[in-house]
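Down below is the structure, laid out as structure tokens.
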Amino acid sequence: MAEETEGKNETKLPLEGSLRKSDQALVVKTTPPELLETANKLKEQGYTTVVSLSAVDYPKDGKMTLIVHVTGYELPPGYPKMVEIQVDLPRENPRVPSLINVWTSVDFQEREAYEMFGITFEGHPDLRHILLDPEEFKDLRPLRKDFVVKEENIMLKENWGDYRG
Amino acid sequence: MAIVERLIDLILWPPLFYYIIFPGLIFVMIFEMFLIWSERKIAGRVQMRYGPLEIAPRLAGAPQLMADLIRYALQEVIIPRTVDKLPFVIAPIAAFVIALMPLLVTPFSPTFLPVTTEGSILIAAALTTIPPLLLILAGWASNNKFSLVGSARESFLIATYEIIILLVIASMSFLYGTLDFLKAVEAQQALLWGIILNPIAAITYFVAVMMGTSRFPFEIAEAESEIVMGAFTEYSGIMFGLAMGISYARMFVYNIIFVLLFLGGWSPLGGIVTGNYILDSIILPGASVAIKAVIISLLMVFTRAVYGRYRIDHALKGGWGFWFIMALVSIGLSAAVVYLMEVF
Amino acid sequence: MAETSAGPRYSERNVEERMGLLDKAKMHAKALSLGMLRLARPQRITLRYPLERPVLSEGYRGMIVLNNDKCIGCSLCARVCPAAAMKMFNAAPKKLRPVINYERCIFCGYCVDICPVEALYHVPVHDLVFENRDDMVFDLETFTKEPEEPEHVRKVRVVIDEEKGLRYVPVNSE
Amino acid sequence: MSQQSQILTRRIDKDILEVFIGPQHPGSGHMRIILRVDGDIIVEAEPDIGFVHRTMEKLAEGREWVKNQPLFERMAILDAANCTLGYIMAIEKLLGIEPPPRAKYIRTILAELNRIASHLYGMGIFAILLGHSTMYMWFFGDREVFVELAERLTGQRLTHSFFWPGGVRRDLPSGFKDELEKGIKYFEKRLKEYEVMFLKNPVIRSRLEGVGYISRQKAAELGIVGPNIRASGIRHDVRIEEPYAAYPELDFEVPIYKEGDALARTLQRVDELRESLKILKQAVNRIPEGPILHEKYLKMFTKVLKDVLETEKRVKLAPALFNLRPPKGEAYARVEAGRGEYFYYVVSDGQNKPYRVRVVSPSFRNSIVFKYVLPGHRVADLPAIYGSIDYFPPEADR
């Protein structure tokens, strides 16, 4: 495996990006206005399907990174099996154009990212909650880092019964 | 003691005995319990398991159905507020009662029948067509989407199987030259059983009855995984038990007709003469007819273990295509047999 | 694919043609006769469970028992428990001991595997019955005692069989 | 054969009945499909998922790396090995280690046992949705053989939690090879009976032929995965595209069907069962001797841990494995599970807990089918399509 190629795209795919050492994914960084263009370019190259569309929240850096994993079936040899698009977004009111017109497969994934991170996908025809209850999680964004899930202590408290939900 | 004698007389009064005890309500109840139990047992054997067992394992779980019956009887009957109450309550009861009505004219021996009429085949065939209408009513009155879909499916099916059944019955009465069960059985005793004279009619009738009593693979009107319980989705308690029983009761009645038209009625046991009136005229011929009907019914419930269910359009296509043609062919075959009999 | 060499590869296949009337009749007959065959010779794999109990396989991750003498109170087991079923408490001053709540335990066996002194171990019992929820919380006394299996049950060994799939052989007859 | 059984529909407002299939419905799992039907024809379908959502991605952020394994396997406990393997592989990619060959083979064996069990489960549900109760019982009964085998290997019937980063938790038990071969022989015989009873049963055939047709292009567009996409003629199997475990060393075929209807998907699964048996047979015969955990961690074993490994062949959880601190970075991993491709994307910030875990399950990706494929079919086709997609709600909801 070409493990030394980190930082340089030595694949045959005509796209700016760097190969990641750990898993050989091609990482393409882009911005919200250029996202659609990148997506279309990828689709032309045979990347037909979105595997995952999600985000990672970095409250310390004050940003949120939209991460789209794109793959294609039956890609030409030499092309990376997985392309990772990273788009940095502001944590306040993140907006990004919807990819649904490029890849139909992002339909539910964009809805999930919308409810979990509050990212608005402009142009998505049906941007609603999909997994969570729309009333209860109206303003909560569970996968952001400021939504904290408490883990229990390992010490036994007075009455175990209190922990029973 | 006079009262007791009066009561015994009343019970043994033929019309009452016939309709309440044998082959009427009580016998049909027992028959249904046996049939449901054996259906579950048959399915269990084929499906790598035991079927009902926990209640009295020595009796192979036979009392299970008693337990089920008691449960149905004691359960609360819930009538939803949104239903149309009168038809909702009446439909399953009326359907059950009317499903048993054809027994009024089906003879169990040359002498054991409450109503003697020249057109008994015609009356029986006419009466069997009514219960499905009440099922449709039940679904309509339930005011539930699944019930509605179920009764819509039933109403599609009813036209299909009724016409096949009626055509086949017509072909058989054509063959025997009579509309009377008694004469039909006599004709079979004189000649051959109907199933040998006209096997196409027998097979067609068998399949059409499976379609009509929603046996697999035609269990379309109450397809559980699609429309919950069809027309009976909203029923509970004894009403649900009754609704469940309707298809078995109808199957029993259809199979009595099958036995009378195709399987030689009460022969061979009916021919035995012992001198005892009750034995000769009720028990032996009655048992002969009933056992044949049970065997046919067991065959019908066995298909549960082999088939899934058709889609409604498949059943309609099969019904109006293949089996309708078969019903017409059976009439032709009857004509041919009648012609051959006249020639020889 | 024409490849015949070793290694994983794709191979294209086809759904058979739609059946004709004769084929259909044949397959109906075949299916019905297979059903009849199974009806005549049933092949049951039902284990009549509360009456018969299988001998669990060696290394079965059943209920967990604490060997109090070996325990050093390191509280690793409580830290590793993914379901927070195991908690530490002070059995004596400076003597931590784990207790378990079977309402939560998922039998992953992490606690047994992380214990550096093998003080926790699985016993081949997985189906104790509790009368109420409080009984499912074990204290140190119940946690150090091996649970007893109910008596008056037939023990069977599960054998994988070429003919029947699973066979249950009574333990005593071996 | 005709591929199209879809019926042209028109969108009208009146005369449309809205039917809610699920979540309390015998024909759907823990999900709801909102159907708008015109007569018997579905005009619009909207899958409403999330009834068993547990926010696993969030829960994973609060726990140590290995503690997430029992969590993730609860997406699909019938396929526990496959759905956690991806997570463990992603950790291994972050750590830059590879398990030893014997561990890889054991992983393969368990993964294939799980694949068989998962396919049988899915087809059992499929059979009962079509009303075929016998096949339901048969599939579930025969699944018991493989569940039993998995229990002997791992110590649990379903929730195996069987992997450590860099290896597996237990070695093969003694006599496992014989038992596995017996089980395979039995199952090969049964497959022939399935054919008569189910696959070639004219009733089942008529329910499946031409139903739920997904063209090659549409399959790629919708991004469905697993046997469903292979039944639409797309050559995609992670076991071949990005080989993992011992798969590249084994000789097996991945069946591809072009038809893309429910029948093709069913046959696809049965063919995969056959291939899985082939894989199991080879794997259990070719399995090399050697350690079952990466030597980096074996070195850190104390005497007690080593003793247990030698006598009981059980790999204890060394504190080093528990307090895993993968270097800062990201990695993705994917595996081919019974229902399709599991995708894991893990982000580490060098701490003992993951910074972010993204998991995309095959059922979540397949759930889109209901929205785009159901319209134009009859209501009675819904169970056939639902079952042939092998949709598993807890897996989709995560």
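For the residues C:Val65, C:Val129, C:Val55, a GNM of chain C with alpha-carbon springs under 10 Å puts the largest fluctuation on C:Val129.
Run the numbers on chain B and let me know its relative contact order in percent, using alpha-carbon pairs under 8 Å that are six or more apart. Relative CO of chain B lands at 23 percent. Mean Kyte-Doolittle of at least 1.0 and a Cα length of 20 Å or more along the axis: which whole DSSP H helices of chain B meet both? Qualifying helices, which must be both long enough and hydrophobic enough, are B:25-46, B:85-100, B:145-176, B:237-262, B:284-302, B:324-343.
Calculate the FRET efficiency for C:Thr142 and C:Tyr49 from the Cβ-Cβ distance with a Förster distance of 25 Å, rounded to the nearest 0.05. Once the sixth-power term is evaluated, E becomes 0.55. Treating each Cα of the protein assembly as shown as an identical point scatterer and summing with the Debye formula, the log10 of I(q)/I(0) at q = 0.06 Å⁻¹ comes to -0.55.
Counting only aspartates and glutamates at least 8 places from D:Lys189 when in the same chain, those with an alpha carbon closer than 16 Å to its own are C:Asp161, C:Glu162, C:Glu163, D:Asp142, D:Glu144, D:Glu179, D:Glu181, D:Asp271, D:Glu272, D:Glu275.
Does segment B:161-296 come out rounded, prolate or oblate, given a ≥ b ≥ c as the square roots of the eigenvalues of its C-alpha gyration tensor, rounded meaning a/c under 1.5 and, failing that, prolate meaning a/b above b/c? Note, shape of segment B:161-296 comes out oblate. Mind pulling the angle between the C-alpha long axis of helix A:107-117 and the longest principal axis of chain A? Nearest 10 degrees, somewhere in 0 to 90. Value to nearest ten degrees: 50.
Excluding residues on the same chain fewer than 8 positions from D:Lys299, give the lysines whose Cα lies under 28 Å from its Cα. By straight Cα distance, D:Lys299 reaches A:Lys21, C:Lys70, D:Lys67, D:Lys93, D:Lys104, D:Lys313, D:Lys316, D:Lys328, D:Lys353. If you take all other residues with their beta carbon under 9 Å from the beta carbon of A:Arg141, and give Lys and Arg +1 and Asp and Glu -1, the sum is -3. DSSP H helices in chain D with Cα extent of 15 Å or more along the helix axis and mean Kyte-Doolittle hydropathy at least 0.5? Helices meeting the criterion: D:80-95, D:101-129. D by Stokes-Einstein for segment B:127-167, Kirkwood Rh over Cα pairs, 10 °C, 1.306 mPa s: 153 µm²/s. When the convex hull of its Cα atoms is viewed from all sides, segment D:17-397 shows a mean projected area of 17.8 nm².
As a calculated quantity, the FRET efficiency between A:Glu151 and C:His126 at R0 = 25 Å, using C-beta atoms, amounts to about 0.35. Just want the answer: with Cβ charges of +1 for Lys and Arg and -1 for Asp and Glu, which residue in A:Thr65, A:Tyr79, A:Asn153 is farthest toward the dipole's positive end in segment A:3-163? The residue sitting farthest along the positive end of the dipole is A:Tyr79. In a DSSP loop and with at most 13 other Cβ atoms within 10 Å, the GluC sites (Glu not before Pro) in segment B:105-170 are B:Glu118.
Placing +1 on the Cβ of every Lys and Arg and -1 on the Cβ of every Asp and Glu, with nothing else charged, gives the protein assembly as shown a dipole about its Cα centre of roughly 1400 debye. For segment B:211-287, the calculated P(r) over all alpha carbon pairs, in 5 Å bins from 0 to the bin holding the longest distance, is 3, 13, 16, 15, 12, 10, 9, 9, 7, 4, 1, 0 percent. Of the GluC sites (Glu not before Pro) found in segment A:56-165, the ones in coil according to DSSP and having at most 10 other Cβ atoms within 10 Å of their Cβ are A:Glu92, A:Glu135, A:Glu136, A:Glu158. The C-alpha atoms of segment A:3-163 occupy a region whose extents along the principal axes are 63, 40, 30 Å, arranged from largest to smallest.
Comparing B:Leu69, B:Leu299, B:Leu59, which has the greatest mean-square fluctuation in the GNM of chain B with Cα pairs linked when under 10 Å apart? Residue with maximal mean-square fluctuation among B:Leu69, B:Leu299, B:Leu59: B:Leu59.
Ordering C:Cys111, C:Thr142, C:Met27 by the projection of their Cα atoms onto the charge dipole of chain C, which places +1 on the Cβ of Lys and Arg and -1 on the Cβ of Asp and Glu, puts C:Met27 at the extreme positive end.
Considering only C:Asn90, C:Asn14, C:Asn67, the Gaussian network model of chain C with Cα springs below 10 Å gives its largest mean-square fluctuation to C:Asn14. For chain B, rounded, prolate or oblate, judged on the Cα gyration tensor with a ≥ b ≥ c (square roots of eigenvalues), a/c < 1.5 rounded, else prolate if a/b > b/c? Cα axes put chain B in the oblate bin. Restricting segment B:222-278 to GluC sites (Glu not before Pro) that sit in a DSSP loop and have at most 11 other Cβ atoms within 10 Å of their own Cβ leaves nothing. The tail of the calculated P(r) for segment C:53-143 beyond 17 Å holds 47 percent of all Cα-Cα pairs.
Read-outs throughout are calculated quantities, based only on the coordinates presented, and are distinct from any laboratory measurement. Computed from a predicted model, the values in this text were never measured in an experiment. Methodologically, a virtual Cβ is constructed for each residue, glycine included, from the backbone with ideal geometry; neighbour enumeration extends over all protein chains shown.
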